[in-house]
Amino acid sequence: MKKLIIALSFFLTAQVAFSQGLEILDADTVIYGNASVSSDLVAHVGVRNGNSSAVDVKVRRRFNTSNALTDSNAICWVVCFDTETDTSLTTITLAPGERNDNDFSGHVYPDQDGILNNGVMTYIFYDANNPSDSVEVKVRFKLTADFSLNDVRKESWEVYPNPANDFLYFSPSNANSSNDSRFVLTDMLGKVVKRVQLNNQMEKSKLSIQELNAGVYIYAIYNGNTLVEKKKLIISRR
């Protein structure tokens, strides 16, 4: 009987160690905007299922700071919801070990009144069938008076051409280009459609965009978790 108890204890311990729960991956932690012209500040968050079984994931928001900046905001989880919705009406099933980098975005809508402000929103991802399995991330949204993304950190990558057709090309623009950089392309609803790591050891790299529809997109470049560039990208089809 003692051997059986020891064996059962070991089995349960191994199961708990293997089942790590939901995890946050690749989250934007600070999003900057211009107090006079920015109309939509967008944060992206990736989540991974570290459990040994599939999980039905939902997401909800929590106001850490309720002020004139964060009072108007929305979440997207596959689809985007109105500003009154705190919890996603949609669910995404993640298989064991599966990650989702593309379907969540948190939006804050400034008044464009020139008033400097900042605030924090918390986004909580949880198992719809077991809400105790949850993970959260805090994102700070900040408005500045004379905002240029290059004021945060000197631009270190060139992205071209723009407009683009079939491919985008990336080149490090100086010797100090970060090796911890990434390029994120979103549609106008904030859904991530392309993501790629940038390696400054490469003289030039390219990304296929052949499967994307023609239209206007937004691209962002991050060094670590710091946003260093955000611009519109036009994709045209001959």
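The values are calculated or read from the model by the stated rules, or taken from the named source; none is laboratory data. Computed from a predicted structure; not experimentally measured. Cβ: placed from backbone, ideal geometry, glycine included. Neighbour counts: every protein chain shown.
A compact table of results
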{"quantity": "Filter result for Val37 (in the same structural domain as Thr91 (by TED's automatic domain parsing) and at pLDDT below 85)", "calculated": "yes"}
{"quantity": "So Thr93, is it hydroxyl-bearing (Ser, Thr, Tyr) and either over 26 Å from Lys194 (Cβ atoms) or in contact with a Phe, Trp or Tyr (Cβ under 7 Å, 6 or more places away or on another chain) (or both)", "calculated": "no"}
{"quantity": "Residue within region 20-31 that is at pLDDT 90 or above and not in a strand (DSSP E or B) present", "calculated": "yes"}
{"quantity": "Single unsatisfied condition, Cys76 versus (1) touching a residue at least 12 places away in the same chain (Cβ under 8 Å); (2) more than 16 Å from the chain's Cα centre (by Cα); (3) buried (at least 16 other Cβ atoms within 10 Å of the Cβ)", "calculated": "(2)"}
{"quantity": "Of the criteria (1) at pLDDT 90 or above; (2) among the small types (Gly, Ala, Ser); (3) part of a loop (DSSP other than H, G, I, E, B), which one Ser177 fails", "calculated": "(1)"}
{"quantity": "Residue in region 51-58 that is surrounded by 14 or more Cβ atoms within 10 Å (Cβ to Cβ), at pLDDT 85 or above, not charged (D, E, K, R) and not in a loop (DSSP other than H, G, I, E, B) present", "calculated": "yes"}
{"quantity": "Of residues in region 207-238 being modelled with pLDDT of 85 or more and outside any strand (DSSP E or B), the one nearest to Val159 (Cα to Cα)", "calculated": "Ile209"}
{"quantity": "Test for Ser105: is it farther than 18 Å from Glu136 by Cα and among the hydroxyl-bearing types (Ser, Thr, Tyr)", "calculated": "no"}
{"quantity": "Test: residue in region 34-50 that is surrounded by fewer than 17 Cβ atoms within 10 Å (Cβ to Cβ), on the phi > 0 side of the Ramachandran plot and not aliphatic (A, V, I, L, M)", "calculated": "no"}
{"quantity": "Residues located in region 19-33, provided they are of a type outside the set (Phe, Trp, Tyr) and either surrounded by 20 or more Cβ atoms within 10 Å (Cβ to Cβ) or touching a residue at least 60 places away in the same chain (Cβ under 8 Å) (or both)", "calculated": "Gly21, Leu22, Glu23, Ile24, Leu25, Asp26, Ala27, Asp28, Thr29, Val30, Ile31, Gly33"}
{"quantity": "Pairs, first in contact (Cβ under 8 Å) with a residue 60 or more places away in the chain in region 39-52, second surrounded by 21 or more Cβ atoms within 10 Å (Cβ to Cβ) and of a type in the set (S, T, N, Q), C-beta under 6 Å, six or more apart", "calculated": "Val42/Ser105; His44/Ser105"}
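Condition check ((1) of a type in the set (Val, Ile, Thr); (2) modelled with pLDDT under 95; (3) on the phi < 0 side of the Ramachandran plot; (4) assigned by TED's automatic domain parsing to the domain that holds Gly50) across all residues:
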{"residue": "Thr93", "(1), (2), (3), (4)": "yes, no, yes, yes"}
{"residue": "Gly97", "(1), (2), (3), (4)": "no, yes, no, yes"}
{"residue": "Leu116", "(1), (2), (3), (4)": "no, yes, yes, yes"}
{"residue": "Ile124", "(1), (2), (3), (4)": "yes, no, yes, yes"}
{"residue": "Ser134", "(1), (2), (3), (4)": "no, no, yes, yes"}
{"residue": "Arg153", "(1), (2), (3), (4)": "no, yes, yes, no"}
